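One structure is given here, and the rest of the page talks about it.
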Amino acid sequence: MQHAIPVERYGAVGANMARAVEACVHCGFCLAACPTYRILGEEMDSPRGRIFLMKEALEGRLRWGEVLPYVDRCLGCLGCETACPSGVRYSELVIPFRELTERRHRRPLGERLLRRLVMSILPFPGRFRRAVRIGAVVRPLRKVLPDRLRAMLELLPPRIPRANPLPPVIPAQGQPRARVALLVGCVQQVLAPQINHATVRVLSRNGVEVWVPRGQGCCGALALHAGFGTLARRLARRNLRVFPEGVDAVVTNAAGCGSAMREYGLLFTGCPEAGRAAALAARVRDVSAFLCALGFNPPPPLPRPVRVVYHDACHLLHAQGVREEPRHLLARVGNLEILEPADAEICCGSAGIYNLEHPAIAAELGRRKARSLLATGAEAVVTGNLGCMVQLQAHLRAVHRPLPVLHTFEFLDRAYAGRPLSDLLSPGTMA
């Protein structure tokens, strides 16, 4: 694609954006991989269409506000990167473009207030816990509220567990084989702390010592992918300070968080912390990929055959390239059959704050994903990302088929514990 993007105008990220634009040859392989194009059928709601629009805005031929609705409707799932034969790094274009748009275009007042409210709550566990409690009181009134507020309340669980922080060090069982530092997340600490506890138990059983750095916080994913670059860097700097170098890996058990931390090099492009950020990003691994590479000691076989369907989180499959590893871990469990849904590579509609900004599109994707999972005849759903879990549980409940939705490491932890099948397949605390 020919371009005349004045890269010097856009700082250190200008060259990255220009390279992404140059790489696109408009072949159209991305169309079938794009969730919004599948639903809306509009060229400008496809990756190649958005690339053209962003190019025109960067070159000054279109106003930022004209491009914004189409870029906003992008889930950031990066299915287009997996499908692209030309190797377009779409993330290196859309992430900085969104930040530039927030600086150069003034949104309507309602949008600004909603986005700022969300960004002032979700990345902070204490505030989020209080907000969920308020939401539980307001929830019976959701049908008379505006669409975006109703969507927010419908995703909230009926109840949340008590805070249950991890100790700073969880020793390895038996002969130590590795040492890792764990990101505990922000929303996950409130909605599903059992995922972190299950993760450290499985790692410990496999000879891994786990450090939980004090002072860590939100990885910045929600802010980064919504265009709030300044907030994302502020949150990320805290993690740059507290995550140690003397570990074999920094592990994450939420696909969106792992993807964001692996993008710290991009986030800090041109900043004094760029070197440290890139070094930390290089050490970040999804916990399933880390344990698969280390070597996995499987739990005992299940007492009877069980069928589960594995759901690929976009920021695990597309952003981190992790597909086979969680399946490999699950396949080592005796008497467990892993089923594959149709359109496994298509987003479920949970993408940061997307449910709040585009509830109709998110809901349609959630409905489609729920139908494809149910069509497999599985007894439970297993996945590796909290956002997907919340979305899938909501849409399975909506069709009165509330299958258990478990994190990969929740399932493995229950299998190690020899729980009865009724417990093994029981819903988590969010259901």
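Computed from backbone phi with θ = phi - 60° and the Karplus coefficients 6.51, -1.76 and 1.60, the 3J(HN,Hα) list for the stretch 388-400 is 4, 4, 4, 5, 5, 4, 4, 7, 5, 5, 5, 9, 6 Hz; x is used for glycine and proline.
Across the options GLY174, HIS197, VAL138, the greatest Cα extent toward the positive end of the charge dipole of the stretch 128-226 (unit charges at beta carbon of Lys, Arg, Asp, Glu) belongs to VAL138.
Placing ASP312, ASP72 in order of accessible area, with the largest value first and a 1.4 Å probe, yields ASP72, ASP312. Taking all protein chains as they are arranged and a probe of 1.4 Å, the heavy atoms of LEU117 leave approximately 90 Å² accessible to solvent. Pop out the ³J(HN,Hα) list for the stretch 339-347 in order, Karplus 6.51 cos²θ - 1.76 cosθ + 1.60 with θ = phi - 60°, rounded to Hz; leave Gly and Pro as x. Listing the rounded values in order: 9, 10, x, 5, 6, 4, 7, 8, 4 Hz.
Reported to the nearest whole Å, the Cα centre-to-centre distance from the stretch 2-61 to the stretch 91-111 is 15. Here are a few candidate values for Kirkwood radius over Cα pairs in Å: (1) 22.1; (2) 25.4; (3) 23.6. Which one was actually calculated from the structure I just gave you? Read-out taken from this structure: (1).
With a Förster radius of 35 Å applied to the beta-carbon distance between SER86 and ASN164, the computed FRET efficiency rounds to 0.15. Shown for the chain: the carbon plus sulfur share of the solvent-accessible area, taken with all protein chains present and a 1.4 angstrom probe, equals 55%.
Applied to the stretch 293-299, the Karplus parametrisation 6.51 cos²θ - 1.76 cosθ + 1.60 on θ = phi - 60° returns per-residue 3J(HN,Hα) values of 5, 5, x, 10, 8, x, x Hz, with x for Gly and Pro.
Comparing Cα centroids, the stretch 210-267 and the stretch 381-412 end up 24 angstrom apart. Amide H to amide H distances under 5 Å link LEU339 with VAL308, VAL309, TYR310, where only residues 5 or more positions off or on other chains count and H is placed in the peptide plane.
Net charge dipole, the chain: roughly 1500 debye, given to the nearest 20, about the Cα centre with Cβ charges of +1 for Lys and Arg and -1 for Asp and Glu.
Ligands, DNA and RNA are left out, and with a 1.4 angstrom probe the accessible area of the stretch 33-179 is 52 Å² per residue. On the beta carbon distance between ALA417 and LEU240, with R0 = 35 Å, the FRET formula returns roughly 0.45. Counting only DSSP beta bridges with both residues in the chain, the antiparallel share comes to about 10 percent. With the helix formula -39500 (n - 2.57) applied to DSSP H stretches of n ≥ 4, the chain reaches a computed 222 nm mean residue ellipticity of -14500 deg cm²/dmol. Solvent-accessible area per residue in the stretch 277-431 equals 34 Å², computed with a 1.4 angstrom probe and all protein chains kept. Amide H contacts under 5 Å for VAL405: VAL381, GLY428, restricted to partners 5 or more places along the chain or on a different chain, H placed in the peptide plane at 1.01 Å from N.
Close amide H partners of ARG177, meaning residues 5 or more places away or on another chain with modelled amide H under 5 Å apart, are VAL208, GLU209. For the chain, excluding the exposed loop sites themselves (trypsin sites (Lys or Arg not before Pro), DSSP loop, at most 12 other Cβ atoms within 10 Å), the longest remaining stretch covers 215-431.
The values are calculated or read from the model by the stated rules, or taken from the named source; none is laboratory data. None of the values given here were measured: they were computed from a predicted structure. For neighbour counting, all protein chains shown are included, and Cβ atoms are generated from backbone atoms with ideal geometry for every residue, glycine included. In case anyone asks, the SASA skips ligands and DNA or RNA and just uses the protein heavy atoms, side chains included. Shrake-Rupley method; radii C 1.70, N 1.55, O 1.52, S 1.80 Å.
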